[in-house]
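Structure first, commentary second.
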Amino acid sequence: MPVSSPETEWIWFNGRMVPWESATVHVMTYALHMGAAVFEGIRCYDTPRGPAIFRLDAHLLRLADSARMYRMPMPYDPGQLAAACHQVVRENRVRSAYLRPLAFLGRGPLGTNPLGKPVEVIVAALNWGTYLGTGALEEGVDVGVSSWQRLAPNTMPTMAKAAGNYLSSQLMSIEAHRHGYAEAIALDSSGLLSEGPGENLFLVRNGVLFTPPTAAAVLPGITRDTVITLARELGLEVREQTAPREALYVADELFFTGTAAEVTPIRSVDGVPVGSGGRGPVTAELQRLFFGLFDGRTEDRWGWLDYVSEAPASGAAAPPDATDPELAAV
Ligand SMILES: Cc1ncc(COP(=O)(O)O)c(C=O)c1O
C-alpha cells in the first residue's frame, strides 16, 4: 500500500530522465489496449552502507525472461537497465524505494500480432511502505481463498511477469476486499494451492516449510527464492510441492512473500485462525533473517545487495535536456 505520495521527481524513460508529470504515453499505445507489457517490482532498502537495491540482477533476468516469452526485443540490455535503476534512486535522492522497470509496446496498429511494434521502457522509483497495511508484518493479515482460480497451464505463461496476468490478480483482490480480507489466496486450475495476487505462499507444518511449485501457476518469486535460501541456512527442510486447499486450515504457520509484501504472516484463512492465530516462530525467525539483510544483522553472503553509489554508473542516461520540446512544457 503506497505511503503518502508514491511520486518522485524523475522517471527514466527510453534512456532519458524525464520529470514525473511528463512521463506520459498516447491513448492509442498498444499496451493499453492489449496488455502487452512486462515489468518488475524491485525494492531499494536504506542500509547502514547507503541505499542498496535488493537482488537487482535476478529481477532484471526475470524481466528479460518475461520479454523473451512474449518475443519482445528489449532495446536495453540488463547492464543499461541496472544503471537506470541506480540512476532513479540517485537522482530522486531516495534512500529506499520500490523500483518499477516496465517494457511495453508503443504505437502501432491494434491487431493481435504484436511483432514489430516499438518496445518502450521506463524505470520509475516510488515511495512505498508496508504493502499489506500497518502492523501486517507483526500481526499478520486475514485472507480468504478466492473463487477465481489462477491461469491454467498453456493459456498464458505464469512464469512471465506480464501486465495481462494482473487482470487475474485484480479479480482476486476485488473479491478479497469485498469480503473484508486484506488479501486473497488462489488455487490453480486443478484446485491445488497456488499464490496470492502479488505474493507467493508458504506453509509450515511440523517444522517443515512447504511452498507450491512453479507448475502450480505461480510467479517464480525472488523473495520466495530468498526465503528458501535463508530457511535452508537455518537447517529447515524446504519442500516445493503441491498441496490441497485444506492444508491451509491445518498449517501451523502461513506467510506470504513478495517484493511488495516482503515476509508477511497470515493470521487467518476464511475466518479460521492459523496456528495460534498470530505470527508463528518460524515466520518470525525468517523475518529476522530477511530484514537483517537490510540493517546489517544478516551477513549478505550471496551478494544480493547492490549498493547505489553517489557517482553515476557508466551507461547512465544523460541529464534532462531543457531544450527538449517535450520537456519545455513543464
Ligand atoms: C503474482 C505474483 N506472485 C509472486 C510475487 C512475488 O515475487 P517477488 O518475490 O519476485 O516479488 C509477485 C510479485 O512480484 C507477483 O506479482
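The values are calculated or read from the model by the stated rules, or taken from the named source; none is laboratory data. Note that this is a predicted model, so its numbers are computed, not measured. Here Cβ is always computed from backbone atoms with ideal geometry, including for glycine, and neighbour counts include all displayed protein chains. Protein only, heavy atoms only, side chains kept; ligands, DNA and RNA dropped before computing areas. Shrake-Rupley method; radii C 1.70, N 1.55, O 1.52, S 1.80 Å.
Conditions: (1) closer than 15 Å to Phe13 by Cα; (2) among the aromatic types (Phe, Trp, Tyr); (3) modelled with pLDDT under 95. Tyr131 meets all but one. Number of the miss?
Of everything listed in (1) closer than 15 Å to Phe13 by Cα; (2) among the aromatic types (Phe, Trp, Tyr); (3) modelled with pLDDT under 95, Tyr131 misses just condition (1).
Please tell me if Leu254 is more than 24 Å from Tyr45 (Cβ to Cβ) and within 16 Å of the ligand (Cβ to nearest atom).
yes
Inside the range 8-38, can you point out the residues that are surrounded by fewer than 20 Cβ atoms within 10 Å (Cβ to Cβ) and part of a strand (DSSP E or B)?
Those that are surrounded by fewer than 20 Cβ atoms within 10 Å (Cβ to Cβ) and part of a strand (DSSP E or B): Arg16, Pro19.
Taking the residues in the range 251-297 that are among the hydroxyl-bearing types (Ser, Thr, Tyr) and touching a residue at least 24 places away in the same chain (Cβ under 8 Å) as candidates, determine which candidate is nearest to Leu234 (Cα to Cα).
Thr283
Restricting to the range 70-113, and then to whatever is of a type in the set (Lys, Arg) and part of a loop (DSSP other than H, G, I, E, B), can you tell me which residue is farthest from Gly41 (Cα to Cα)?
The residue in question is Arg107.
State yes or no: is Leu193 aliphatic (A, V, I, L, M), within 26 Å of Gly180 (Cβ to Cβ) and more than 11 Å from the ligand (Cβ to nearest atom)?
yes
Could you say whether any residue in the range 219-231 is at positive phi and in the same structural domain as Met172 (by TED's automatic domain parsing)?
Among the residues of the range 219-231, not one is at positive phi and in the same structural domain as Met172 (by TED's automatic domain parsing), which makes the answer no.
Cβ-Cβ distance below 7 Å, separation of 6 or more or different chains: which pairs start in the range 194-209 with a residue that is touching a residue at least 60 places away in the same chain (Cβ under 8 Å) and more than 28 Å from Ala162 (Cβ to Cβ) and end on one that is assigned to a strand (DSSP E or B) and more than 15 Å from the ligand (Cβ to nearest atom)?
Val204/Glu253; Leu209/Val238
Given the structure, is Gly133 in contact with a Ser or Thr (Cβ under 9 Å, 6 or more places away or on another chain) and under 23 Å from Val263 (Cα atoms)?
Here the answer is no, as Gly133 does not meet what is asked.
I need a count of the residues in the range 23-62 that are away from the ligand (no atom under 13 Å from the Cβ) and free of Cβ contacts under 8 Å to residues at least 24 places away in the same chain.
So the answer is 3.
Taking into account only those residues within the range 114-169 that are open to solvent by 30 Å² or more (accessible area, probe 1.4 Å) and in a helix (DSSP H, G or I), which is nearest to the ligand (Cβ to nearest atom)?
The residue in question is Tyr166.
Given the condition within 13 Å of the ligand (Cβ to nearest atom), surrounded by fewer than 21 Cβ atoms within 10 Å (Cβ to Cβ) and under 19 Å from the mean Cα position of the chain (by Cα), answer yes or no: does some residue in the range 173-184 qualify?
Yes: one or more hits.
Quick one: is Arg232 surrounded by fewer than 17 Cβ atoms within 10 Å (Cβ to Cβ), in a strand (DSSP E or B), away from the ligand (no atom under 16 Å from the Cβ) and at pLDDT 95 or above?
Taking the combined requirement at face value, the residue does not satisfy it.
If Val250 passes every condition in (1) of a type in the set (A, V, I, L, M); (2) in contact with a strand residue (DSSP E or B) (Cβ under 8 Å, 6 or more places away or on another chain); (3) open to solvent by 30 Å² or more (accessible area, probe 1.4 Å); (4) closer than 15 Å to Asp142 by Cα but one, which one does it miss?
Val250 satisfies all of (1) of a type in the set (A, V, I, L, M); (2) in contact with a strand residue (DSSP E or B) (Cβ under 8 Å, 6 or more places away or on another chain); (3) open to solvent by 30 Å² or more (accessible area, probe 1.4 Å); (4) closer than 15 Å to Asp142 by Cα except (4).
Within the range 196-219, can you find the residues that are open to solvent by less than 40 Å² (accessible area, probe 1.4 Å), of a type outside the set (A, V, I, L, M, F, W, C) and more than 22 Å from Val141 (Cα to Cα)?
The one that is open to solvent by less than 40 Å² (accessible area, probe 1.4 Å), of a type outside the set (A, V, I, L, M, F, W, C) and more than 22 Å from Val141 (Cα to Cα): Pro213.
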